[in-house]
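Engineer: Structure incoming, see below.
The values are calculated or read from the model by the stated rules, or taken from the named source; none is laboratory data. Note that the structure is predicted; figures quoted are calculated from it, not measured. Cβ placement follows ideal geometry from the backbone for every residue including glycine, while neighbour counts extend to all protein chains displayed. Note: areas computed on protein heavy atoms with side chains; ligands, DNA, RNA excluded. Shrake-Rupley method; radii C 1.70, N 1.55, O 1.52, S 1.80 Å.
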Protein chains: 6
Amino acid sequence: MTMMPLIEYDDASAEIRAVYDDIMRTRGTNWINNFWKALANNPPTLRRTWESIKEVMAPGALDPLTKELVYLAVSASNGCAYCIASHAAAAEKQGMTPEMLAELMAIVGMANETNSLANGYRIPVDERFEKLF
Amino acid sequence: MTMMPLIEYDDASAEIRAVYDDIMRTRGTNWINNFWKALANNPPTLRRTWESIKEVMAPGALDPLTKELVYLAVSASNGCAYCIASHAAAAEKQGMTPEMLAELMAIVGMANETNSLANGYRIPVDERFEKLF
Amino acid sequence: MTMMPLIEYDDASAEIRAVYDDIMRTRGTNWINNFWKALANNPPTLRRTWESIKEVMAPGALDPLTKELVYLAVSASNGCAYCIASHAAAAEKQGMTPEMLAELMAIVGMANETNSLANGYRIPVDERFEKLF
Amino acid sequence: MTMMPLIEYDDASAEIRAVYDDIMRTRGTNWINNFWKALANNPPTLRRTWESIKEVMAPGALDPLTKELVYLAVSASNGCAYCIASHAAAAEKQGMTPEMLAELMAIVGMANETNSLANGYRIPVDERFEKLF
Amino acid sequence: MTMMPLIEYDDASAEIRAVYDDIMRTRGTNWINNFWKALANNPPTLRRTWESIKEVMAPGALDPLTKELVYLAVSASNGCAYCIASHAAAAEKQGMTPEMLAELMAIVGMANETNSLANGYRIPVDERFEKLF
Amino acid sequence: MTMMPLIEYDDASAEIRAVYDDIMRTRGTNWINNFWKALANNPPTLRRTWESIKEVMAPGALDPLTKELVYLAVSASNGCAYCIASHAAAAEKQGMTPEMLAELMAIVGMANETNSLANGYRIPVDERFEKLF
């Protein structure tokens, strides 16, 4: 089904293996998921995307669970089956419970409903909302 | 710009005022934002949408700040200017800092990038991701 | 704001005027809206798009009002401000009332909510829904 | 494939069964489709979503067939396979013919084409379209 | 899986066969892909869509390979599996290499990232970008 | 209108100025557009996004004009006004003519039309399209 072959560790170049190793080390796992195996067809894209994800998802002002919940919510809203599945697994690993998932999905649903209503009615932004912080 | 007139409190029917009053009471504010004033053109939609939002955004397994962050993330991803502005204000009220907002937006950006890569490459879901909880 | 200049009737070539004339004749109006004035920068696109719209929106198994309601619903769902405004006007001309508009928008909102829930939960299609007609 | 187990009637709590019963009674059917079985993992979401759908899809200024056509059009435009399949079945039950479906899909296609053209060219809304009703 | 039966050449009316013949002649192939077999359920949609595609994809200011790359990029961004598969095949036929595909997908990913950032931050268009050509 | 203040060069930290300088040097310009001034509110996002864009848009298997055309096409399809304006300007600088822009937009429109038709009809991918390269 993939457009490009999935590149397994054993068949990977040293450049690709270096990224795979860093992924496994950072995540504390011993396997690589299909997303990276597909990106590996273009090593610069593999490296750049991984470096970006690693930086963006590192603990900061938002904790790792909140970060995964946000990632999952956007993926669910976009209807990306692969990203929903992989980030739901990642969120679960960070502590997401079934109750949290259900509440998250309910918000995703409501946000999509009110987004389409606000756009559909062409509602102007309230003056008070323009100034943040 | 709105397709329908914005219905102000002073011009509203008792049915509409009852919803407006509940919105202000629940939120601890003394004003109504344009979204509700537009929906008020159809009182059943106003009431139903408000009751749903009130239920979905009430504290539960996810705290109010996390809920607003998720709402904001989906709205930003969908590019709904009105909902971005109103939920950024709501998130700020719940404690969102500029650093949190910046990290949130970085995740929204990365999620949209990897969602399009996963869809674009038609990457199959890993077996291990299929079983959640 | 437009990327390309809007081409007015008086400045248009004979090829463009022929399309403008057909638009006004078909719609029973004496003016051209901005959409066509922008497309006129590329006469083949102008002609092709108008011929397609004319064919698709002609009365058939669906009546003209229903056709405009469907067009408006998709445009509202997509958040295209221009198309929302122009097709709301067209739908009103075909008999859309404020009540119809409110009900239409409520459906657009619910559809976006349940679409994101169905995608987000990755719900499999029921066997019974696979066979249509 | 679903992220959450599908909850069958026989395994459902009284709270869930009450909603299932109302769905079957309202629709005049004796089965429950997967969408509700997935939402049942969170009974408040199940109840709230069903009550909203029931209210929005009830006959009003728009007749039931037109309502289903609008729901189907939005779902097709969003590419939600589940909702396309379920609402095509619902629309057929309300009287949608193959000819109606074909005309509906042609409009969905044209709307997506012209939405992207209007957004892409950043076409300003005509003054005359700003005032509705 | 399709909502409508796929109409094979041998079962097609003369009107449908005329379009099928023109598709095969124009493309220098001897088979018809599923997209057209589905549209054939409504001959006017089949004919109109084919005529439009033929006109839009003909060599012009942009060469055929660039045209297919653009079509593929939009389809990947929209997550349309069918169109990704069919236009990747068409682009390959026009000379797209695996390196080109990888670079194309990297741009699709970045565009989706920065589109969501620009929308999410509600960034105003720079004065200098308003005047084109 | 922006959610965050736009950070001008004179008010920027050394870390931000280093990125601004590299943007101007790489592009051969002497000004910074709003997108970067908004991202500068979070220097790591500014730096990471710029490094990614610089890498992705550098000449490779695809030439710079083709890359900008693809970026513009995705942005137009997504309806991101800011990115449409900025990448149309970038594409023009690389040699895009009005005729190329018109053909590009026609393809964006057709792709959105056929994407929604392929998704709406739930058309299965042809066997022959599954194997690429």
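Engineer: Any chance you could give the angle, 0 to 90 degrees and rounded to 10, that helix D:64-78 forms with the longest Cα principal axis of chain D?
Structural biologist: Approximately 80 degrees, to the nearest 10.
Engineer: For B:K67, list the lysines whose Cα falls under 17 Å from its own Cα; do not include residues on the same chain fewer than 8 positions away.
Structural biologist: A:K67, B:K54, B:K93
Engineer: I would also like to ask the following. So for the range F:39-110, considering every pair of alpha-carbon atoms, how many percent are separated by more than 19 Å?
Structural biologist: Across the range F:39-110, Cα pairs with separations above 19 Å total 39 percent.
Engineer: Where does each of E:I7, E:I23 land when they are ordered by accessible area, with a 1.4 Å probe and the largest first?
Structural biologist: Greatest to least solvent exposure: E:I7, E:I23.
Engineer: To the nearest 10 degrees, how steeply does helix D:14-27 sit against the main Cα axis of chain D, on a 0 to 90 scale?
Structural biologist: Compared with the principal axis, the helix lies near 50 degrees.
Engineer: Counting only other chains, and only Cβ atoms inside 10 Å, what mean value do you get across the residues of F:4-17?
Structural biologist: Mean number of neighbouring Cβ atoms from other chains: 1.
Engineer: Let me ask you something else. Solvent-accessible area per residue for the protein assembly as shown at a 1.4 Å probe radius, Å²?
Structural biologist: 36 Å²
Engineer: What does the structure give for A:24-35 when I average, per residue, the other chain Cβ atoms found within 10 Å of the residue Cβ?
Structural biologist: 2
Engineer: Can I ask one more? In chain B, which residue puts its Cβ closest to the axis that turns chain B onto chain C, and how many whole Å away is it?
Structural biologist: B:G79, 4
Engineer: Let me ask another. Beta carbons within 10 angstrom, averaged per residue: use that to sort the peptides B:44-55, F:75-86, highest first.
Structural biologist: F:75-86, B:44-55
Engineer: In addition: Under a crude label model (7 Å from the Cα following the beta-carbon direction), how far is A:A14 from C:E8 in nanometres?
Structural biologist: 6.9 nm
Engineer: Another one. With Cβ to Cβ distances under 11 Å as the rule, what net charge do the other residues near C:P44 carry (K, R +1; D, E -1)?
Structural biologist: Every neighbour counted, the sum reads -3.
Engineer: May I ask you to give the percent of accessible area on the range D:1-63 that is carbon plus sulfur, with a probe radius of 1.4 Å?
Structural biologist: 51 percent
Engineer: Over the Cα atoms of chain C, what radius of gyration and what Dmax do you get, in Å?
Structural biologist: 18.4, 59
Engineer: Once both axes come from the Cα atoms, what is the angle between helix A:43-57 and the longest principal axis of chain A, in degrees from 0 to 90, rounded to 10?
Structural biologist: It works out to around 50 degrees.
Engineer: So what does the Cα-only Debye profile of the range C:1-59 read at q = 0.21, 0.22 Å⁻¹, as log10 I(q)/I(0), no solvent term?
Structural biologist: The Cα Debye sum returns log10 ratios of -0.77, -0.84.
Engineer: Additional query: Return a whole-number percent for the relative contact order of chain E, with Cα pairs under 8 Å and 6 or more residues apart as the contact set.
Structural biologist: So the answer I get is 17 percent.
Engineer: What total accessible surface area, summed over both chains, is buried at the interface between chains E and D, computed with a 1.4 Å probe and given in Å² to the nearest 100?
Structural biologist: Accessible area lost upon association: around 600 Å².
Engineer: In nm to one decimal, list the spacings between the A:R25 label point and its equivalents in the other copies, with label points set 7 Å along Cα to Cβ, shortest first.
Structural biologist: Copy-to-copy label distances for A:R25: 3.0, 5.9, 6.3, 6.3, 7.4 nm.
Engineer: Still on this structure: Can you compute the FRET efficiency between B:K54 and B:N30 using 1/(1 + (r/R0)^6), with r the Cβ-Cβ distance and R0 = 22 Å? Round to the nearest 0.05.
Structural biologist: That gives a FRET efficiency of 0.80.
Engineer: If you place +1 on the Cβ of every Lys and Arg, -1 on the Cβ of every Asp and Glu, and leave all else neutral, what size is the dipole of the range B:42-123 about its Cα centre, to the nearest 20 Debye?
Structural biologist: Charge dipole of the range B:42-123: 360 debye, to the nearest 20.
Engineer: Give the average, rounded to an integer, of partner chain Cβ atoms located within 10 angstrom of each Cβ in D:62-72.
Structural biologist: Mean inter-chain Cβ contacts per residue within 10 Å come to 6.
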